[in-house]
1. Have a look at ILE169, ILE139 and point out the one that is more than 15 Å from the chain's Cα centre (by Cα), over 27 Å from LEU232 (Cα atoms) and part of a loop (DSSP other than H, G, I, E, B).
2. Name the residues in the range 41-60 that are assigned to a loop (DSSP other than H, G, I, E, B), touching a strand residue (DSSP E or B) at 6+ places or on another chain (Cβ under 7 Å) and open to solvent by 80 Å² or more (accessible area, probe 1.4 Å), would you?
3. Look at the range 192-224 and say how many of its residues are more than 28 Å from LYS147 (Cα to Cα) and either aromatic (Phe, Trp, Tyr) or open to solvent by 70 Å² or more (accessible area, probe 1.4 Å) (or both).
4. Name the single residue that is least open to solvent (accessible area, probe 1.4 Å) among those in the range 88-106 being more than 20 Å from THR205 (Cβ to Cβ) and not β-branched (Val, Ile, Thr).
5. I'd like the residue in the range 107-125 that is open to solvent by less than 10 Å² (accessible area, probe 1.4 Å) and in a loop (DSSP other than H, G, I, E, B) and, out of all such residues, is farthest from PRO69 (Cα to Cα).
6. For ASN141, only one of the following conditions fails: (1) modelled with pLDDT under 95; (2) within 30 Å of ARG17 (Cα to Cα). What is its number?
7. Please pick out the residue among LYS196, LYS237, LYS165, LYS171 that is under 20 Å from GLY107 (Cβ atoms) and in contact (Cβ under 8 Å) with a residue 12 or more places away in the chain.
Amino acid sequence: MERLQKVIANSGYTSRRKAEELIEANHVTVNGEIVNTLGFKVSDKDIICIDGNMIAKNNIKEYYLLNKPREVICSVEDDKGRKTVVDLISTNSRIYPVGRLDYDTTGLIILTNDGDLANILMHPKRRIYKTYIAKINGILNEDDFKKMRKEILIDDRKLLIDNVKVRKIDKIKNTSLVEVTIHEGRNHIVRKLFEKLGYDVMKLTRSKFAFLTDDGLKSGEYRELSTKEVKLLYSLK
């Protein structure tokens with residue numbers, strides 16, 4: 001017997017967190033009866049449906065690392081017909097992105113049908129380090145650099161920047177290339193950080209996720225994660 005939300009997540013339908021939301025919103029039935037209690041346990045013989053559609057109990061897990069291009073949605077599907085990260089992966093399994101990157105943000109994102117791993121990587125307490133490279137307008141001055149070495153208040157919540165490095169300054173074009181490492185996953189957090197300091201982000205890419213880097217992956221390319229890499233990601237729990 002396993003918890004209902006875990007079975008849904010392991011089927012590849014969605015993440016465990018989203019599965020919990022579906023259960024609480026009365027979208028899930030077990031053997032024809034609505035179940036809205038988290039922690040409800042089911043067996044292999046139970047028939048689980050979401051909005052009337054039976055989920056496939058797929059035990060084959062898939063793991064991909066994608067270098068997301070610009071103008072691609074971090075979603076399974078898009079009601080506006082825009083290209084999604086799932087469209088870029090060649091698989092018949094129902095995979096979904098772990099977390100998200102903005103429409104105009106490029107870089108690394110993991111896609112999988114493993115709900116347990118997705119839950120580990122998205123949990124705010126896991127402190128998964130992510131490194132971003134931002135091209136900003138203006139020259140990052142010494143005072144702002146020092147501010148980034150401390151906690152900054154963004155949307156009334158403190159943001160701790162784990163590491164910051166100025167990679168390049170172009171005085172002719174009046175731009176700076178700044179590398180920022182954080183362990184938070186709030187929406188638009190890096191853009192809001194520079195906005196707080198008075199800079200506009202012209203380009204933004206995520207170059208590192210935990211120990212995974214974009215080495216060898218051109219924009220739009222992806223690769224399968226190795227068994228060793230998956231085990232290391234699990235160890236972050």
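The values are calculated or read from the model by the stated rules, or taken from the named source; none is laboratory data. Note that this is a predicted model, so its numbers are computed, not measured. Backbone-built Cβ (ideal geometry, glycine too); neighbour counts: all protein chains shown. Ligands, DNA and RNA are stripped out before the accessible areas are found, and what is left, the full protein with its side chains, is counted by its heavy atoms. Shrake-Rupley method; radii C 1.70, N 1.55, O 1.52, S 1.80 Å.
1. Values: ILE169 fails: part of a loop (DSSP other than H, G, I, E, B).
Just a single option satisfies the conditions, and that option is ILE139.
2. Looking only at the range 41-60, we keep the residues that are assigned to a loop (DSSP other than H, G, I, E, B), and these are 43-47, 51-52, 55-60.
With touching a strand residue (DSSP E or B) at 6+ places or on another chain (Cβ under 7 Å) added as a condition, the list becomes 46-47, 55.
Answer for the range 41-60, where residues must be assigned to a loop (DSSP other than H, G, I, E, B), touching a strand residue (DSSP E or B) at 6+ places or on another chain (Cβ under 7 Å) and open to solvent by 80 Å² or more (accessible area, probe 1.4 Å): just ILE47.
3. 8
4. So in the range 88-106, the residues more than 20 Å from THR205 (Cβ to Cβ) come out as 90-96.
Now narrow it down to the ones that are not β-branched (Val, Ile, Thr): 90, 92-94, 96.
Details: SER90: 95, ASN92: 168, SER93: 31, ARG94: 115, TYR96: 11 Å².
Here the answer is TYR96.
5. ASP114
6. The failed condition is (2).
7. On the way: LYS196 fails: under 20 Å from GLY107 (Cβ atoms); LYS237 fails: under 20 Å from GLY107 (Cβ atoms); LYS171 fails: under 20 Å from GLY107 (Cβ atoms).
Just a single option satisfies the conditions, and that option is LYS165.
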